[in-house]
Amino acid sequence: MSAQRNRSTLAQRCTPSSAMESLGRVKKSLQKPVRKLTGCVLGQKEKRLCSGHRAARGRGPGSQGRKVPLPPKDSAAACSYQADLDKERKLREAMNAQKNAERAAMRAHFRRKYQLSEDPQDSSHLRSVRGKVVLPCELSKIIYPEAQTKDEGFNLLSAFQGLNFGPDVFSAKSRNGTDVCKMRSMRGAQACRQVLCTGFTQRGLSLAQTPGKESVGQKKRNGHIRNFEEIPHTGRNGWVNMLKYWREDRFRNLHKHMEKTFQELGPIYRERLGTQNSINIMLPADISELFRSEGMHPERMTLEAWATHREARKLCKGIFLKNGEEWRADRLLLNKEVMMTAAVRRFLPLLNEVAKDFCEMVSGRVERKGRFDGGKRSLTMDPSQDLFRFALEASCHVLYGERIGLFSSSPSMESLKFISAVERMLSTTLPLLFLPSRLLLLIGAPQWNQHAMAWDHIFSHAESRIQKGYQRLSSAKAEGVSDGGQYPGVLSQLLHKGQLSLDLIKANLTELMAGGVDTTAVPLQFALFELGRNPAVQEKVRLQVKDSWAKAEGDPQRALQGAPLLKGTIKEILRLYPVGITVQRYPIKDIVLQNYHIPAGTAVQACLYPMGRSPEVFPDPLRFDPTRWLSSREDAPGERKGGVAEGTEAAGFRFLAFGFGSRQCVGRRIAENEMQLLLMHILLNFRVSVPSSEDVETTYTLILQPRVPPRITFHKL
């Protein structure tokens, strides 16, 4: 009987109903700790506050079958809970907007890269996050391959470090009667949400700043950044400073004044001149930070005198004087004709032809007027005027596709007047930079009249060249005459494509002509001088040039590619004698330079002359050494050059003679190749020396040039 009773009892225990009852008991026993844990993490309010009270109120004898009344709802807790839900909803919406903005940023990057039209939907996604897109590490490496990004990822352990699960969490009340369990539960939920937001930020999904990189506003509130007004300055009154400039003739020695001021005030200072207020910097790291905040439509300091002349004469402005989307549209069209590799390959033979003719002209002069020196003839002369003619002849050949005969014994007076007009325009621009041009126009100030007359002559010369080019192109098209495979010039290309109006073509080619004569001829003067007083460097460059020219078999592009020291020579000259001594930008967002807060829209100038001669940036800065610019691929990895380790971000901002980025000099490729080809042919035909190796005194008239042009001796090889 006992065995039968045991079997019946075991059968009852093994029935489904008994198993479910056992499972239910286990589930109920786990509800209490699970509810407490979720209440702390998610901020949910418990119906019963403490285990001791629950036992007294609902679990004692005689309480079976009786409903336990719930405590009244806490309206403040309910409002807090609803606010938390709203925050979470907004976070999700921000995350979705950020994801859409990431995709839009990637599409916009490739559209800009391949010059495709913009998508309005992408623009809408970017506007929804106000353009603040924090890309994940993988996408950032695609768009900015040189940037060193760090993806720290989301650490689940850190999400719970701010939570407290100690036994005091579940205590009933504090001394003042406040519900401690509720307070700590709410604090735990807030900490969890804050860490979750941080985790999303680390993955690049939030609109906030990346962890570890405080925004300018946050740093300023925390006292890490000094105010704008604390930046060292040269004087608070702009007009008093202007009087000092006039009295001490600082305009002509602006580069020296900048160098001296940096030595006195440090690597950043503020200067107010008349109506202009600017921040001056000189270290590559600060310059790198400036250019990172230039935006899609970079702006530089506008030359008001030039703009006023265009408006007064009702002429179109070229890209030099434009900003915004209008500037970008014109610039992209011009880039195809003067900046792209294919365009450079087309106009290199034209520059090579002019460089050869220049050397033939100098060679003939040495034969006629030179004296015998060691069995070879040599001639000492001032080559500045000949270099100006070379620059104008080369520019006309590339831009208009025609030679104007400046190397003949009797060059045209029209071309010589053009050179004189360019020099007068540049010399009169500098004093007008800090004065109200429109007021000077109204009162007919003499300085303004000279400036306007110079521009009128420049435009007249350019218009006559454009008319001749247009007539030549029209007649060739009517007669069916081809150009015989020779590059017809930038003008013909622009007219043939018809993407720019005739007025815009005229404005841009005029600016290219006006900015391509002195800015090329003057560095060539300095190059011949430095090569002349550094014969060992000259011989090293010549040997490389001879070897490259022999291997190139007459191809100028191959010849230049095989002579990196030639390019290094140009870079070294423009380091020591930058044509334009500053590069300006207006940052589109607040930035920090040298621990000072710089508001968006402030004019910031990268000062090239002091940077190029600073021992903090270049070791032995006064030594002429083209090898310092050799590519890092030809040297040991990480080798320091110019005071900055190659491979660092700042290293790319030591050479800014032509500017940087999408707003760099549009004639850069023409000027670089023009100077390199001329030096190549001079080194192939002559050995140059100087009568005096004393430093050349320089002066600033919107471009840096020698106060007295150096004399050069040409020795025939």
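The values are calculated or read from the model by the stated rules, or taken from the named source; none is laboratory data. These numbers were taken from a predicted model, which means no experiment stands behind them. No Cβ is skipped: glycine too gets one built from the backbone with ideal geometry, and neighbour counts run over all protein chains shown. Side chains are part of the model used for accessible areas, which takes the heavy atoms of the whole protein and leaves out ligands, DNA and RNA. Shrake-Rupley method; radii C 1.70, N 1.55, O 1.52, S 1.80 Å.
What number comes out for the charge environment of E229, summing +1 per Lys or Arg and -1 per Asp or Glu over other residues with Cβ under 10 Å away? Intermediate results must be reported in sequence, preceding the final value.
Numbers: positive: R226, R236, R270; negative: E230.
Taking every Cβ under 10 Å from that of E229, the sum is +2.
Taking just the alpha carbons, could you work out the radius of gyration and Dmax for segment 223-336, both in angstroms?
Looking at segment 223-336, its Cα Rg and Dmax stand at 17.6, 52 Å.
Give me, ordered by chain and number, the residues 5 or more places off K376 or on other chains with an amide H under 5 Å from its own placed amide H.
Distant-sequence amide H within range of K376: zero hits.
Which sequence of F320, F686 reflects their accessible areas, 1.4 Å probe, from the largest down?
Values: F320 75, F686 5 Å².
Ranking F320, F686 by accessible area, largest first, yields F320, F686.
Kindly report the accessible area of segment 289-404 per residue (heavy atoms of protein chains, probe 1.4 Å, no ligands, DNA or RNA), in Å². List each step's numbers first, then the result.
Values: 4660 Å² over 116 residues.
Ligands and nucleic acids excluded, the result is 40 Å² per residue.
With all protein chains present, calculate the accessible area of K99 using a 1.4 Å probe and round the result to the nearest 10 Å².
80 Å²
Just by accessible area at a 1.4 angstrom probe, what is the order of W455, W549 from largest to smallest?
Numbers: W455 0, W549 60 Å².
Per-residue accessible area, sorted high to low, gives W549, W455.
Would you mind calculating the relative contact order of segment 660-714 from Cα pairs under 8 angstrom and at least 6 residues apart, reporting the percent as a whole number? Let's see the in-between values first.
Working: 29 pairs, mean separation 16.2, N = 55.
This gives 29 percent for segment 660-714.
Using Cα pairs under 8 angstrom and six or more residues apart, how large is the relative contact order of segment 352-417, in percent? Write out the running numbers ahead of the final one.
Details: 39 pairs, mean separation 16.2, N = 66.
Averaging sequence separation for qualifying contacts and normalising by length gives 25 percent for segment 352-417.
Cα gyration tensor of segment 490-605, axes a ≥ b ≥ c as square roots of the eigenvalues: rounded (a/c below 1.5), prolate (a/b > b/c) or oblate? Walk me through the numbers on the way to the answer.
Numbers: a/c = 2.36, a/b = 1.26, b/c = 1.88.
It is oblate, given that a/c is not under 1.5 and a/b is not larger than b/c.
Taking a 1.4 Å probe, which of S474, S437 shows the most accessible area, and what order do the others take after it?
Values: S474 50, S437 5 Å².
So the residues, ranked largest to smallest area, are S474, S437.
Got a number for the accessible area of F262? Probe 1.4 Å, square angstrom, nearest 10.
Here the residue's solvent-accessible area equals roughly 10 Å².
Can you pull the accessible area of S409 for me, 1.4 Å probe, Å² to the nearest 10?
My reading of the accessible area for S409 is about 120 Å².
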